[in-house]
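Novice: Here it is, the structure, as structure tokens.
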Amino acid sequence: MTSLHAPPLVQTLEWDTPLFLMARAQFEQAVPHAGVPAMVVERLSFPERAVIVSVPLRRDDGSVAVFPGYRVQHSTVLGPTKGGIRYDAEVSLGECAALATWMTWKCALLRLPYGGAKGGIRCDVKTLSTREVERLTRRFTSELVREIGPQTDIPAPDMATNEQTMAWMMDTYSMQKGHAVPEIVTGKPISIGGSVFRREATGAGVVMVAEQACMRADHDLAGQRCVVQGFGNVGGVAASELHDKGATVIGVSDVSGGVHDRAGLDVPGLHAYVAAHGSLEGYDGGERVTNEELLELECDILVLAAREDQVTGSNAGRIRAALVVEGANGPTTIEADAILAERGIPVVPDILANAGGVTVSYFEWVQDLGRLFWDRDEIRRKLADQMTDAFDRVYAVADEKGITLRQAAMVAAIREVAGALEARGIYP
Ligand code: NAD
């Protein structure tokens, strides 16, 4: 066991945002239980590398606007770094650092040969045309061409980026190299080397761990009343998987607000509505609720699949779920974690619950490198095996140490990285 020597404050200034401090606080809470050397703690407290670029975009009207872009690589101890690219008005160095740090723990927990990274552009994509988003993506990729690579750092989609964004990144990188390099990104279209089941993988993984958690509590997922916050890639798929497995989805929401029906919502109907209208706004197949009200609905399983910072010190006392599953990254604050633990509400943490995405991204990268592709059933089965193995290890640590699932997941992850870092040592 080791004590955490807080590094001098000056070292943290660059990263000093609430989200990075939260990621650090989670790390510091887990470290005393992990039994790893102080040098490991010091090294893993900070990202290895961060790049800030300014990305010029020629707008459709001929004017030029410049957007800040970031890529943070937290750890290369286990292999190349891996993590999403998000386009959002709140993207910052500290946010990317926090998300890159969580990616390190997530990859390590799932025993993937990767460290964590994250990046993005601070922008509001809703104000940009599709052609503008394409030019912005291509120039951002060019700015990062020396930082990313199939053996160094492999991007993937995140908030407001998708298969098309990855296709533009792959094409831009390939043009600069002079040949097709599909393994540079994951989450790309199947036609250019993407993997079947990648799009569904995160939401499906969320439901796989929810099912395991139900089994531990001696009940079936079928019949559980579920609320899903966020109806995008993760939440939309999670809602469908829950519905398909016989659970009753009683509430869903997106940025436009939520909808609730105690008897169960028509999930396929919700998808059809969102496909036609772009969001849940105006959907009348249930009672309209605000996002705040949705989080506080009485239910068996609350899936948080929107974004960070949703269950906080101010609403955690009013959560009426028997189980919380984090599909999003960082949706539960440190204060909320303590309140939920005190109230006996288990939280299946993000680094376990939403790891299905990076796991199938890993499968995609392996398939691209081998130029040999697997079918849907094989990928789903491999994902279920990997998620269940990680789930069992987290529950075993939680039982053994009497700590929360988040702390247990962190302990299991930190030990994986620590083992490799101790073997490799600090260079030189
Ligand atoms: P997305 O953009 O497809 O969907 C986000 C959804 O959340 C949208 O329905 C949006 O309207 C909704 N939303 C945004 N703000 C909200 C708010 N305040 N209240 C309620 N709803 C809100 O993004 P995504 O890919 O589904 O990612 C969601 C979260 O999951 C993010 O935290 C992301 O980092 C995380 N995540 C995604 C993946 C992946 O494979 N896509 C993998 C791991 C983690």
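The values are calculated or read from the model by the stated rules, or taken from the named source; none is laboratory data. All values derive from a computational prediction rather than experimental measurement. Quick reminder, even Gly has a Cβ in these numbers, built from the backbone with ideal geometry, and neighbours come from all protein chains shown.
Novice: Tell me yes or no: at least one residue of the stretch 244-255 is loosely packed, with under 15 Cβ neighbours inside 10 Å and within 22 Å of the chain's Cα centre (by Cα).
Specialist: Yes, the stretch 244-255 has at least one match.
Novice: Here is a further query. With assigned to a helix (DSSP H, G or I), within 16 Å of the ligand (Cβ to nearest atom) and not β-branched (Val, Ile, Thr) as the only criterion, which of 406, 415 stands out?
Specialist: None of the other options fit; the residue is 406.
Novice: Next question. Can you pull out the residues in the stretch 122-170 that are closer than 21 Å to residue 361 by Cα and hydroxyl-bearing (Ser, Thr, Tyr)?
Specialist: 137, 141, 152, 161, 165
Novice: For the stretch 356-373, state whether one or more residues are touching an Asp or Glu at 6+ places or on another chain (Cβ under 8 Å), at pLDDT 95 or above and more than 15 Å from the ligand (Cβ to nearest atom).
Specialist: Taking every residue of the stretch 356-373 in turn, at least one turns out to be touching an Asp or Glu at 6+ places or on another chain (Cβ under 8 Å), at pLDDT 95 or above and more than 15 Å from the ligand (Cβ to nearest atom).
Novice: Same structure again: Which pairs have Cβ atoms under 7 Å, sit 6 or more apart or on different chains, and link a residue in the stretch 287-316 that is among the acidic types (Asp, Glu) and part of a loop (DSSP other than H, G, I, E, B) to one that is at pLDDT below 95 and near the ligand (Cβ under 9 Å from one of its atoms)?
Specialist: That search, which allows pairs on different chains as well, returns 308/329; 308/330; 309/330.
Novice: Restrict the check to the stretch 215-230 and report whether at least one residue is closer than 22 Å to residue 329 by Cβ, within 16 Å of the ligand (Cβ to nearest atom) and either without any contact (Cβ under 8 Å) to a residue 24 or more places away in the chain or small (Gly, Ala, Ser) (or both).
Specialist: Yes, the conditions are met somewhere in the stretch 215-230.
Novice: Those residues that are more than 27 Å from residue 116 (Cα to Cα) and surrounded by 13 or more Cβ atoms within 10 Å (Cβ to Cβ), I need them from the stretch 57-68; list them, please.
Specialist: Residues satisfying the conditions are 57, 58, 59, 65.
Novice: Residue 315 is checked against (1) under 24 Å from residue 300 (Cβ atoms); (2) surrounded by fewer than 23 Cβ atoms within 10 Å (Cβ to Cβ); (3) more than 16 Å from the ligand (Cβ to nearest atom); (4) not small (Gly, Ala, Ser) and fails just one. What number does that condition carry?
Specialist: Condition not satisfied by residue 315: (3).
Novice: Among the helices (runs of 4 or more DSSP H) lying completely within the stretch 317-381, list those that include at least 2 residues that are closer than 25 Å to residue 166 by Cα.
Specialist: Result: 350-353, 356-370.
Yes/no per residue for (1) more than 19 Å from the chain's Cα centre (by Cα); (2) within 15 Å of the ligand (Cβ to nearest atom); (3) among the hydrophobic types (A, V, I, L, M, F, W, C):
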site	(1), (2), (3)
42	yes, no, no
53	yes, no, yes
73	no, no, no
107	no, yes, yes
112	no, yes, yes
116	no, yes, no
121	no, yes, yes
135	yes, no, no
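Novice: Of the residues in the stretch 293-312, how many are away from the ligand (no atom under 11 Å from the Cβ) and either out of contact with any Cys (no Cβ under 7 Å at 6 or more places or on another chain) or among the hydrophobic types (A, V, I, L, M, F, W, C) (or both)?
Specialist: 9
Novice: Residue by residue through the stretch 371-428, note down the ones that are exposed (fewer than 12 other Cβ atoms within 10 Å of the Cβ) and more than 25 Å from residue 241 (Cβ to Cβ).
Specialist: 371, 372, 399, 400, 402, 423, 424, 425, 426, 427, 428
Novice: Within the stretch 325-372, count every residue that is touching a Leu at 6+ places or on another chain (Cβ under 8 Å) and closer than 22 Å to residue 200 by Cβ.
Specialist: 17
Novice: Return the residue satisfying two criteria in turn: it lies in the stretch 172-187 and is out of contact with any strand residue (DSSP E or B) (no Cβ under 8 Å at 6 or more places or on another chain) and under 17 Å from residue 370 (Cα atoms), and of such residues it is surrounded by the most Cβ atoms within 10 Å (Cβ to Cβ).
Specialist: Filtering the stretch 172-187 for residues that are out of contact with any strand residue (DSSP E or B) (no Cβ under 8 Å at 6 or more places or on another chain) and under 17 Å from residue 370 (Cα atoms), the one surrounded by the most Cβ atoms within 10 Å (Cβ to Cβ) comes out as 182.
Novice: In addition: Is it the case that some residue within the stretch 273-292 is under 30 Å from residue 390 (Cα atoms) and more than 12 Å from the ligand (Cβ to nearest atom)?
Specialist: Checked against the condition, which is being under 30 Å from residue 390 (Cα atoms) and more than 12 Å from the ligand (Cβ to nearest atom), the stretch 273-292 yields no hits at all.
Novice: A further question follows. Is there a residue in the stretch 109-116 that is in contact (Cβ under 8 Å) with a residue 60 or more places away in the chain, in a loop (DSSP other than H, G, I, E, B) and within 13 Å of residue 74 (Cα to Cα)?
Specialist: Looking for residues that are in contact (Cβ under 8 Å) with a residue 60 or more places away in the chain, in a loop (DSSP other than H, G, I, E, B) and within 13 Å of residue 74 (Cα to Cα), one finds at least one in the stretch 109-116, hence yes.
Novice: Out of the stretch 123-171, which residues are in a strand (DSSP E or B), touching a Phe, Trp or Tyr at 6+ places or on another chain (Cβ under 9 Å) and crowded, with 18+ Cβ neighbours inside 10 Å?
Specialist: 154
Novice: Being within 22 Å of the chain's Cα centre (by Cα), away from the ligand (no atom under 15 Å from the Cβ) and surrounded by fewer than 24 Cβ atoms within 10 Å (Cβ to Cβ) is the requirement here; does residue 211 meet it?
Specialist: Yes, satisfied.
Novice: Check 244, 254 and return the single one that is of a type in the set (D, E, K, R), modelled with pLDDT of 95 or more and more than 9 Å from the ligand (Cβ to nearest atom).
Specialist: The unique qualifying residue is 244.
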